[in-house]
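S.K.: This is the structure, below, for whatever I ask next.
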Amino acid sequence: MSTNSKYLLFLDDLRSPTETYGSYGKDMVVARSTHEAQEIVRKRGIPSQLFLDHDLSGDDRAIDFLKWLANEYWDGQEPIPDYEVHSSNPEGKLNLLSYMDSWKRSANS
């Protein structure tokens, strides 16, 4: 599934990457929903790094995208993306960090 393309994926329904990460965010590919993020990954492959907000519009959550990425898309051959969580929801932030940490641990065992 790898396209071996290196890109940064910013998943947030409201903020812009430059608003959140300054000039570092100017080269990020932006997704505003789980569905948009999935479409980007289907076209470009797994990103090298994820920048995540927990709460998206309505009932959409970044954790849904991560579960899809890990369980339905990732082939086990590519590196798991690096990640940063910029959510202002403390519980949501912890959930995303825990999920990614668990995915990395299970892939390395």
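S.K.: Keeping to the range 1-51, report how many residues are free of Cβ contacts under 8 Å to residues at least 12 places away in the same chain and at positive phi.
M.R.: 1
S.K.: Out of the residues in the range 1-11 that are part of a loop (DSSP other than H, G, I, E, B) and in contact with an Asp or Glu (Cβ under 7 Å, 6 or more places away or on another chain), which is farthest from TYR83 (Cα to Cα)? Let's see the steps before the verdict.
M.R.: Pass one, the range 1-11, residues part of a loop (DSSP other than H, G, I, E, B): 1-7.
Of the ones still in play, those that are also in contact with an Asp or Glu (Cβ under 7 Å, 6 or more places away or on another chain) are 1-2.
Working: MET1: 20, SER2: 18 Å.
That would be MET1.
S.K.: Return the residues of the range 85-107 that are in a helix (DSSP H, G or I), of a type in the set (S, T, N, Q) and out of contact with any Lys or Arg (no Cβ under 9 Å at 6 or more places or on another chain); say none if nothing qualifies.
M.R.: Taking the range 85-107 as the starting set, the residues that turn out to be in a helix (DSSP H, G or I) are 90-107.
Then drop every residue that is not of a type in the set (S, T, N, Q), which leaves 95, 98, 102, 106.
Scanning the range 85-107 gives SER98, SER102, SER106.
S.K.: When residues of the range 56-100 are filtered for being loosely packed, with under 14 Cβ neighbours inside 10 Å, over 13 Å from the mean Cα position of the chain (by Cα) and not small (Gly, Ala, Ser), how many remain?
M.R.: Initially, the range 56-100 is screened for residues loosely packed, with under 14 Cβ neighbours inside 10 Å, giving 57-59, 71-72, 75-77, 79, 82, 88, 90-91, 94, 98.
With over 13 Å from the mean Cα position of the chain (by Cα) added as a condition, the list becomes 57-59, 71-72, 75-77, 79, 88, 90-91, 94, 98.
Of the ones still in play, those that are also not small (Gly, Ala, Ser) are 59, 71-72, 75, 77, 79, 90-91, 94.
Adding up the residues that qualify gives 9.
S.K.: State the number of residues belonging to the range 12-68 that are among the hydroxyl-bearing types (Ser, Thr, Tyr), within 18 Å of TRP103 (Cα to Cα) and not in a loop (DSSP other than H, G, I, E, B).
M.R.: If we filter the range 12-68 for residues that are among the hydroxyl-bearing types (Ser, Thr, Tyr), which is where we start, we get 16, 18, 20-21, 23-24, 33-34, 48, 57.
Retained after the next criterion (residues that are within 18 Å of TRP103 (Cα to Cα)): 48.
If we keep only those that are not in a loop (DSSP other than H, G, I, E, B) too, we end up with none.
Residues in the range 12-68 being among the hydroxyl-bearing types (Ser, Thr, Tyr), within 18 Å of TRP103 (Cα to Cα) and not in a loop (DSSP other than H, G, I, E, B): 0 in total.
Yes or no, residue by residue, for (1) charged (D, E, K, R); (2) at pLDDT below 95; (3) within 20 Å of ARG61 (Cβ to Cβ):
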residue	(1), (2), (3)
LEU11	no, no, yes
PRO17	no, no, yes
THR20	no, yes, yes
LYS26	yes, yes, no
HIS35	no, no, yes
GLU39	yes, no, yes
LYS43	yes, no, no
PRO47	no, no, yes
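The values are calculated or read from the model by the stated rules, or taken from the named source; none is laboratory data. Everything quoted here is computed from the prediction, not taken from an experiment. For neighbour counting, all protein chains shown are included, and Cβ atoms are generated from backbone atoms with ideal geometry for every residue, glycine included.
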